[in-house]
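Take a look at the structure below.
The values are calculated or read from the model by the stated rules, or taken from the named source; none is laboratory data. What you see is a predicted model, and the numbers here were worked out from it, not measured in a lab. Cβ coordinates were reconstructed from backbone atoms using ideal geometry, including for glycine residues, and neighbour counts include every protein chain displayed.
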Amino acid sequence: MSHNAPAVKRETRQGIALLVGIVALMWLIEVINTIDGNRLDRDGIYPRNLDHLWGIFTAPFLHVSFAHLVDNTLPFVFMGVIIALRGAGRLALVTLIVIVIGGLGTWLVAPSHSVTVGASGVVFGYATYLLARGVFDRSLLELLTGVVVGVVWGGALLASLVPHQQVSWQGHVCGAIAGVIAAWMLASQRARRSSTPSPGVPPAGALAK
């Protein structure tokens, strides 16, 4: 058995524990929100409103109903578990990058006088992160994982990009873009080095002079 096996198992347990904590927080907030007459929904993303810019961080944890929460929880857990296998740190970073970049994008492009809430933007970010990380990490296993995610959830995710009344497709698109950015930002150093020509060595296809 590899000497790194215990450390890997520990990181995986910590990642799963963080994921469980995030989901539990979402459900606790929805219980409170329901009891409070859904008034917490006012704490979502208000496009181009500087006074509510902080809503970028609260919106993913708010849902308009338990049905809305259930719809987001299933893919959130499915894809979150795959990311959590790399540890709590990786899950936290991917989630934070998607929330910030996807939230800012939604804040910039969503229709005026709308309020965006829900974890669907993060779900899209998780999906595109898993689809793109194999490319940036140059990993066949991660590419295959992305294919599985695409097969299982691809149809449902693509359907969610079609504009529907009271559905923020802008949040979905911005979350998806943020997921690709997260995959690029968190690409392994080994992959980055292999894609950077060594000093004095011309890149592939270049003519030596």
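General observations
- Residue in the stretch 50-59 that is at positive phi and not in a helix (DSSP H, G or I) present: no
- Residue check, Leu96 of a type outside the set (Val, Ile, Thr) and under 18 Å from Ala176 (Cβ atoms): yes
- Residues of the stretch 84-100 classified as surrounded by fewer than 22 Cβ atoms within 10 Å (Cβ to Cβ) and in a helix (DSSP H, G or I), total: 8
- Candidates are the residues of the stretch 105-126 that are touching a residue at least 60 places away in the same chain (Cβ under 8 Å) and assigned to a helix (DSSP H, G or I); the one that is nearest to the chain's Cα centre (by Cα) is Val122.
- Exclusive hit being buried (at least 18 other Cβ atoms within 10 Å of the Cβ) and in contact with a strand residue (DSSP E or B) (Cβ under 8 Å, 6 or more places away or on another chain), set His52, His63: His52
- Breaking point among (1) closer than 24 Å to Val64 by Cα; (2) modelled with pLDDT of 95 or more, for Gln165: (2)
Here is a yes/no grid of residues against (1) closer than 30 Å to Ser112 by Cα; (2) at pLDDT 65 or above:
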position	(1), (2)
Asp137	no, yes
Glu142	no, yes
Val151	no, yes
Ala156	yes, yes
Met185	no, yes
Arg192	no, no
Thr196	no, no
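- Yes/no for Ser114 being modelled with pLDDT under 95, within 23 Å of Arg39 (Cα to Cα), surrounded by fewer than 24 Cβ atoms within 10 Å (Cβ to Cβ) and among the hydroxyl-bearing types (Ser, Thr, Tyr): yes
- Residues in the stretch 1-30 that are among the charged types (D, E, K, R) and surrounded by 13 or more Cβ atoms within 10 Å (Cβ to Cβ): 3 in all.
- Number of positions in the stretch 35-49 that are among the β-branched types (Val, Ile, Thr) and exposed (fewer than 14 other Cβ atoms within 10 Å of the Cβ): 1
- Residue in the stretch 168-182 that is at pLDDT 75 or above, in a loop (DSSP other than H, G, I, E, B) and within 18 Å of the chain's Cα centre (by Cα) present: yes
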